[in-house]
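Note sheet for the following structure.
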Ligand SMILES: C[S@@+](CC[C@H](N)C(=O)[O-])C[C@H]1O[C@@H](n2cnc3c(N)ncnc32)[C@H](O)[C@@H]1O
């Protein structure tokens with residue numbers, strides 16, 4: 001069965017999207033998308049031969065070789081045909097931005113991203129690259145929060161706070177901010193008391209998070 005985390009990404013795909021899943025690894029998301037008839041076909045890729053082999057094995061097991069086209073290669077370089085939507089999940093923000101720092105990114109209409117870290121950098125760089133945030137959602141699974149962000153082609157201005165906390169998430173997810181607040185408190189408790197400026201910086205963030213949780 002597909003994890004709740006990956007299912008939440010599947011829910012963001014429309015049947016008209018021409019999708020490339022970059023860093024597919026096991027290829028389970030692509031397999032699910034065609035088996036559940038959300039998509040007729042999908043291209044999935046991985047830079048790592050071993051990872052792609054596990055994907056190919058699953059594709060064969062589920063008998064969807066004619067619908068899931070698995071390719072070995074780096075990021076957007078694997079697809080020459082018309083792709084308008086990419087999924088990138090389970091990678092760090094800097095790797096994701098490296099992948100998207102490619103001329104083909106300008107031809108994409110939608111980026112569906114579930115990054116492991118640094119959502120601020122991701123929002124900041126991609127909104128500067130000519131994408132706006134059309135959707136954000138939060139998934140909780142096995143003690144972790146995962147953030148889905150959909151970027152679509154277009155310009156919109158964001159405040160720094162929106163880029164840090166998410167223009168949708170910052171108003172809608174009290175539980176998430178309770179969780180972040182606890183994490184922030186733990187960070188502050190671990191800073192040596194003489195590092196006053198660092199403590200003050202984190203306290204300022206803590207104050208803002210407290211406001212969001214009310
Ligand atoms: C942690 S797995 C995530 C798998 C799946 N997307 C998920 O969310 O469960 C990350 C995968 O991305 C692949 N990867 C990393 N950099 C890549 C790149 N530049 N192009 C294609 N695949 C890449 C890795 O080889 C690895 O298999």
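Assorted remarks:
- Dimensions of segment 1-43 along the principal axes, based on C-alpha atoms and rounded to the nearest Å, stand at 24, 18, 16, largest first.
- Ellipticity estimate at 222 nm from DSSP helix runs (n ≥ 4, -39,500 (n - 2.57)) divided over the chain, nearest 500: -12500 deg cm²/dmol
- Helix 49-61 and the longest principal axis of the C-alpha atoms of the chain enclose an angle of approximately 60°.
- Counted residue by residue at 0.36 nm each, then reduced by the alpha carbon distance between them, the extension gain from residue 94 to residue 202 reaches 36.6 nm.
- Segment 149-212 and segment 13-71: distance between their alpha carbon centers, rounded to Å: 35 Å
- Tilt relative to the chain, helix 119-128 - C-alpha long axis, 0 to 90 degrees, to 10: 70 degrees
- Residue 183-residue 77 FRET efficiency (beta carbon distance; Förster radius 35 Å; 0.05 resolution): 0.45
- Taking the DSSP beta bridges with both ends in the chain, the antiparallel portion is around 45 percent.
- In this simple spin-label approximation, residue 14 and residue 36 carry label points 7 Å from Cα along the Cα→Cβ vector, and these lie 1.8 nm apart.
- Hull volume per residue, based on the alpha-carbon atoms of segment 173-214 and their convex hull, is 47 Å³.
- Pairwise label distance in nanometres, residue 214 with residue 191, each label 7 Å out on the Cα-Cβ vector: 2.2 nm
- Of the two radii for the chain, the radius of gyration is 1.02 times the Kirkwood radius, both from the alpha carbons; that is the Rg over Rh value.
- Helix 196-213 and the longest principal axis of the C-alpha atoms of the chain enclose an angle of approximately 70°.
Values in this text are rule-based calculations from the coordinates and carry no lab data. Not measured: the values here are computed from a predicted model. For neighbour counting, all protein chains shown are included, and Cβ atoms are generated from backbone atoms with ideal geometry for every residue, glycine included.
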